[in-house]
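The structure appears below as structure tokens.
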Amino acid sequence: MVEELVAAGAALASVGAVYAMSAARVVKQYERGVVLRLGKLRSGVRGPGFTMIVPFVDRLQKVNMQIVTMPVPGQEGITRDNVTVRVDAVVYFKVVSAADAVIQVEDYRFAVSQMAQTSLRSIIGKSELDDLLSNREKLNQGLELMIDSPAVEWGVSIDRVEIKDVSLPETMKRSMARQAEADRERRARVINADAELQASKKLAEAAGVMSEQPAALQLRLLQTVVAVAAEKNSTLVLPFPVELLRFLERSQQPQQQPQPQQQPQPQVAAPVPQAYQAYQAHQEHQPSAEKQQSLPGSQQPSGPSQEPSVQAQQLLAQWQQSMQEQLPPVEAPLDPDFGGSKSGQD
């Protein structure tokens, strides 16, 4: 009898242990438990910790209350200014009502994902390309409102929505690059023109000051030369001042004027034709007998006719001497009777 009672107690304890093990549940801190008894929702939501349910009667469903990070697949669309883009986004949400997340929607994660993709396509069609690239904060707020409106009924709260990336076609990228380059070049030209204007004003003021003191220009030139020569990587060509060149030109003018007088050719060439013409004129006025007597080397009679012959002979000697100075030396000497024979032929 005692053995039967011990066996029955052991069997009852075993059944109780099995029941307790099947009824015991543990809910984690970041979870909430929703109990359905015979398919009907229990009013109370089980909190974190140890809890018991009725085996084979109750069904406990745990709901994660943490913030869920869900990436939205890239969606292609056409913007309001007819540009094809591909936009990626990410959604941050959490469950605020565990019972509604279990009862109101079959799978709240899938529902939020589909709603995010639909809202993202709608935002792309309503926005322009510049808004997608530069005004993302406003688009994120609009996208969050579009997803949060139906998600409230599901017991889900949208924490935030962020647009991750906007992919553009290669042609559009090149066009935008050219536009940005042209804009930067325009600004660079404007800045350079403004700098030139300011520099020209300062240079005009400096020129006015230097015009009062010409030595200041020379000092500035020397300072520039010193600055260039300090690097020792270039060839320096130092220009001479115009005043220095003019001074050298004036100093050379007195030396250049006597040079034409030192040349012998213009001084010797002038008397040669004069002596020869005078000799011919003298021979033409003499009679034939006197011409023969005036020839060099012939016997000249004494008398009053000797004076013109001596004068003609002196003129001829001057002419021959001038010719010898002008002509180069030759082996054969000139015939002294050359003028007389020629005059006889004449």
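The values are calculated or read from the model by the stated rules, or taken from the named source; none is laboratory data. Quantities reported herein were computed from a predicted structural model and do not represent experimental measurements. Because the Cβ atoms are built from the backbone with ideal geometry, glycine has one as well, and the counts that use them run over all protein chains shown. These accessible areas exclude ligands, DNA and RNA; they are computed on the full protein's heavy atoms, side chains included. Shrake-Rupley method; radii C 1.70, N 1.55, O 1.52, S 1.80 Å.
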Let me spell it out: the conditions are (1) in contact with a Ser or Thr (Cβ under 6 Å, 6 or more places away or on another chain); (2) under 30 Å from Val85 (Cβ atoms), and Ser175 meets all of them except one. Which number is the exception? (1)
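Checking the condition among the acidic types (Asp, Glu), in a strand (DSSP E or B) and either surrounded by 11 or more Cβ atoms within 10 Å (Cβ to Cβ) or in contact (Cβ under 8 Å) with a residue 40 or more places away in the chain (or both), which residue from Asp130, Asp148, Asp165 passes? Working first, answer last.
Numbers: Asp130 fails: in a strand (DSSP E or B); Asp148 fails: in a strand (DSSP E or B).
Result of the check over Asp130, Asp148, Asp165: Asp165.
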Filter pass, Val34 being over 60 Å from the mean Cα position of the chain (by Cα) and in contact (Cβ under 8 Å) with a residue 40 or more places away in the chain: yes
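Examine the stretch 135-143 for a residue that is over 30 Å from Gln66 (Cβ atoms) and open to solvent by 20 Å² or more (accessible area, probe 1.4 Å), and state whether such a residue exists.
Kept after step one, since they are over 30 Å from Gln66 (Cβ atoms), are these residues of the stretch 135-143: 135.
Still in the list and also open to solvent by 20 Å² or more (accessible area, probe 1.4 Å): 135.
Yes, the stretch 135-143 contains at least one residue that is over 30 Å from Gln66 (Cβ atoms) and open to solvent by 20 Å² or more (accessible area, probe 1.4 Å).
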Just checking, does the stretch 86-108 include any residue being part of a strand (DSSP E or B), touching a Leu at 6+ places or on another chain (Cβ under 8 Å) and of a type in the set (Ser, Thr, Tyr)? no
Which numbered condition Val15 fails, given (1) closer than 16 Å to Leu60 by Cα; (2) open to solvent by 70 Å² or more (accessible area, probe 1.4 Å); (3) out of contact with any Asp or Glu (no Cβ under 6 Å at 6 or more places or on another chain): (1)
Output the residue which, of all residues in the stretch 168-189 that are open to solvent by less than 100 Å² (accessible area, probe 1.4 Å) and modelled with pLDDT of 90 or more, is nearest to Val63 (Cα to Cα). Asp183
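So, of the residues in the stretch 76-110 that are within 30 Å of Val27 (Cβ to Cβ) and in contact with a helix residue (DSSP H, G or I) (Cβ under 7 Å, 6 or more places away or on another chain), which turns out to be surrounded by the fewest Cβ atoms within 10 Å (Cβ to Cβ)?
Going through the stretch 76-110, the residues within 30 Å of Val27 (Cβ to Cβ) turn out to be 90-110.
Restricting the remaining residues to those that are in contact with a helix residue (DSSP H, G or I) (Cβ under 7 Å, 6 or more places away or on another chain) gives 91, 93, 95, 100-101, 104-105, 108.
Numbers: Val91: 25, Phe93: 24, Val95: 23, Asp100: 18, Ala101: 24, Gln104: 14, Val105: 18, Tyr108: 20.
Looking at the filtered set, the residue picked out is Gln104.
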Quick check on my filter: what residues within the stretch 61-75 are of a type in the set (A, V, I, L, M), under 14 Å from Asp88 (Cβ atoms) and surrounded by fewer than 17 Cβ atoms within 10 Å (Cβ to Cβ)? Met70
Take the residues of the stretch 114-127 that are open to solvent by less than 20 Å² (accessible area, probe 1.4 Å) and either part of a helix (DSSP H, G or I) or β-branched (Val, Ile, Thr) (or both): which is farthest from Val34 (Cα to Cα)? Ile124
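Yes or no, residue by residue, for (1) basic (Lys, Arg); (2) modelled with pLDDT of 85 or more:
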| site | (1), (2) |
| --- | --- |
| Val2 | no, no |
| Lys28 | yes, yes |
| Leu41 | no, yes |
| Pro71 | no, yes |
| Val83 | no, yes |
| Asp88 | no, yes |
| Asp100 | no, yes |
Which of (1) part of a strand (DSSP E or B); (2) at pLDDT 90 or above does Ala111 not meet, given it meets every other one? (1)
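Return the residues of the stretch 41-67 that are part of a strand (DSSP E or B), in contact with a Lys or Arg (Cβ under 6 Å, 6 or more places away or on another chain) and under 23 Å from Tyr108 (Cα atoms); say none if nothing qualifies.
The initial filter retains those residues of the stretch 41-67 that are part of a strand (DSSP E or B), namely 41-46, 49-52, 58-64.
Those left that are additionally in contact with a Lys or Arg (Cβ under 6 Å, 6 or more places away or on another chain): 45, 51, 58, 60, 63.
Result: Val45, Asp58, Leu60, Val63.
Might you let me know whether the stretch 23-40 holds any residue that is outside any strand (DSSP E or B) and of a type in the set (Val, Ile, Thr)? Steps first, answer last, please.
Restricting attention to the stretch 23-40, the residues satisfying the condition of being outside any strand (DSSP E or B) are 23, 28-30, 38-39.
Filter once more, keeping what is of a type in the set (Val, Ile, Thr): none.
Within the stretch 23-40, none of the residues are outside any strand (DSSP E or B) and of a type in the set (Val, Ile, Thr).
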